[in-house]
Amino acid sequence: MMRRSVIFQAPGQVQTALEAVPGPAPGEVLVEIEVSAISAGTELLIYRGQAPSDMSLDDTLPGLSGAFRFPLRYGYAAAGTVAAAGQAVDSAWLGRRVFGFCPHASHVLAKPADLVPVPEDIGLRDAVFFANVETAVTLLLDGLPAVGEHVVVLGQGVVGLLATRLLSTYPLAALFTVEPLALRREASVQAGAHAVFDPALPQALHDRLREVTEGGMADLVFELSGHPSALGAAIAGAGFGARIVLGSWYGTRPVAVDLGGRFHRSRIRLIGSQVSTLPPGFLGRWTRRRRFSAAWEQIRRIAPSRLITHEIPVEAAAEAYALLDQNPGQALQVLLTHRP
């Protein structure tokens with residue numbers, strides 16, 4: 001059997017390779033992928049050559065071994081159907097729809113334990129958001145939003161929009177978002193933000209925060225923009241004793257931030273959030289399986305497929321990355337489709 005795989009050859013260079021794929025080993029299944037989602041955050045760092053080459057792709061995911069060195073394969077959000085199973089695999093897996101944390105390819109070999117079965121009532125175009133919804137759930141577990149708080153989310157890419165949608169279900173006093181791109185600002189309002197601000201006009205957000213908090217600023221800030229300069233903006237908008245949840249990954253880009261002023265005197269807490277692990281305070285009660293269940297339930301509630309703006313055949317993967325790199329204001333979620 002032949003498959004089509006996406007390969008990052010060098011900065012700014014993506015190709016789709018046609019290659020042979022063997023049948024599944026005794027303990028493996030072969031998954032025929034229907035769609036895979038491009039992460040406009042992490043994958044653009046790779047595309048631009050801004051991922052640290054001495055860092056592993058993801059030690060927690062079997063399909064992502066190796067380091068960020070070209071040429072490489074990447075991707076962590078694929079959905080499809082099990083087309084064949086090895087001799088040691090229960091035949092019940094055949095025909096099962098699954099989600100996989102695996103690089104972009106039309107066919108994937110994996111052990112059943114490394115796949116996540118898709119609930120029968122969820123379509124594959126919603127299921128392909130599983131990784132990003134799980135990330136949004138993790139962000140809220142780290143931030144612990146409380147009743148009556150004033151919350152700001154910096155960045156309204158797909159993860160930022162999903163986090164905003166989940167936050168909109170909390171009884172918050174205010175939910176403000178910050179985003180430079182008009183398409184994302186519109187989507188942010190639809191996701192439930194009370195007001196959306198352009199980062200080019202920071203004083204507008206600060207004035208509104210002072211108004212609603214009587215000068216106290218935000219209780220909780222999520223930095224999800226992916227831009228190193230936004231960390232300073234997060235500190236500027238945080239109140240005394242506030243929490244800042246840092247979900248962005250900046251790659252090799254340096255971060256210049258003033259920690260000698262408001263941050264030092266305001267007892268602000270900076271919390272690093274990353275979905276590969278569970279927040280330490282939840283380890284006694286939560287498992288990855290429990291977080292998986294929470295993510296599926298949120299997918300049912302919010303139907304994230306509404307964020308899909310482009311579906312591009314895997315053969316034209318280079319065009320998909322060029323679109324996100326050069327014209328980000330035209331797209332929210334871009335999917336690669338893998339069926340002829």
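The values are calculated or read from the model by the stated rules, or taken from the named source; none is laboratory data. All values derive from a computational prediction rather than experimental measurement. All Cβ positions, even for glycine, are placed from backbone atoms using ideal geometry, and neighbour counts span all protein chains on display. Accessible surface is based on the protein model in full, side chains and every heavy atom, while ligands, DNA and RNA are left aside. Shrake-Rupley method; radii C 1.70, N 1.55, O 1.52, S 1.80 Å.
Tell me which of these Y47 doesn't satisfy, since it passes every other one: (1) touching a helix residue (DSSP H, G or I) at 6+ places or on another chain (Cβ under 9 Å); (2) farther than 21 Å from V334 by Cβ; (3) crowded, with 21+ Cβ neighbours inside 10 Å.
(2) is the only condition that Y47 fails.
Looking at segment 1-51, which of the residues that are of a type in the set (S, T, N, Q) and not in a strand (DSSP E or B) is modelled with the highest pLDDT?
In this case the residue turns out to be S39.
In the set S266, S273, which member is touching a residue at least 60 places away in the same chain (Cβ under 8 Å) and either closer than 30 Å to F240 by Cβ or surrounded by 14 or more Cβ atoms within 10 Å (Cβ to Cβ) (or both)? Walk me through how you get there before you give the answer.
On the way: S266 fails: touching a residue at least 60 places away in the same chain (Cβ under 8 Å).
Among S266, S273, only S273 is touching a residue at least 60 places away in the same chain (Cβ under 8 Å) and either closer than 30 Å to F240 by Cβ or surrounded by 14 or more Cβ atoms within 10 Å (Cβ to Cβ) (or both).
Read through the list (1) under 22 Å from Q333 (Cβ atoms); (2) touching a residue at least 60 places away in the same chain (Cβ under 8 Å); (3) open to solvent by less than 40 Å² (accessible area, probe 1.4 Å); (4) not in a loop (DSSP other than H, G, I, E, B), then give the number of the only condition that R300 fails.
All conditions are met except number (3).
Let me spell it out: the conditions are (1) under 29 Å from L335 (Cβ atoms); (2) surrounded by fewer than 20 Cβ atoms within 10 Å (Cβ to Cβ), and S188 meets all of them except one. Which number is the exception?
(2)
For T309, are the conditions met, namely being of a type in the set (S, T, N, Q) and either part of a strand (DSSP E or B) or surrounded by 20 or more Cβ atoms within 10 Å (Cβ to Cβ) (or both)? Break it down stepwise before answering.
Details: of a type in the set (S, T, N, Q): yes; either part of a strand (DSSP E or B) or surrounded by 20 or more Cβ atoms within 10 Å (Cβ to Cβ) (or both): yes.
Taking the combined requirement at face value, the residue satisfies it.
Within segment 253-263, can you find the residues that are open to solvent by 70 Å² or more (accessible area, probe 1.4 Å) and touching a helix residue (DSSP H, G or I) at 6+ places or on another chain (Cβ under 9 Å)?
A256, D258, L259, R262, listed by residue number.
Considering each residue of segment 108-123, count those that are under 22 Å from V21 (Cα atoms) and either hydrophobic (A, V, I, L, M, F, W, C) or open to solvent by less than 20 Å² (accessible area, probe 1.4 Å) (or both), and give that number.
Of the residues in that region, 6 qualify.
Determine if segment 130-144 includes at least one residue that is more than 25 Å from L324 (Cα to Cα), open to solvent by 10 Å² or more (accessible area, probe 1.4 Å) and outside any helix (DSSP H, G or I).
For segment 130-144, residues more than 25 Å from L324 (Cα to Cα), open to solvent by 10 Å² or more (accessible area, probe 1.4 Å) and outside any helix (DSSP H, G or I): present.
Among the numbered criteria (1) in a helix (DSSP H, G or I); (2) open to solvent by less than 30 Å² (accessible area, probe 1.4 Å), which single criterion is violated by L336?
(1) is the only condition that L336 fails.
For segment 312-326, indicate whether the set of residues that are touching a residue at least 60 places away in the same chain (Cβ under 8 Å), open to solvent by 30 Å² or more (accessible area, probe 1.4 Å) and among the acidic types (D, E) is non-empty.
Yes.
Taking the stated definitions as given, is D126 open to solvent by less than 40 Å² (accessible area, probe 1.4 Å) and either at pLDDT 95 or above or within 19 Å of R288 (Cβ to Cβ) (or both)?
For D126, the condition - open to solvent by less than 40 Å² (accessible area, probe 1.4 Å) and either at pLDDT 95 or above or within 19 Å of R288 (Cβ to Cβ) (or both) - is met.
Have a look at L162, L172 and point out the one that is buried (at least 20 other Cβ atoms within 10 Å of the Cβ) and assigned to a loop (DSSP other than H, G, I, E, B).
That would be L172, the only listed residue that is buried (at least 20 other Cβ atoms within 10 Å of the Cβ) and assigned to a loop (DSSP other than H, G, I, E, B).
Look at V314 and say whether it is farther than 27 Å from D198 by Cβ and at pLDDT 95 or above.
yes
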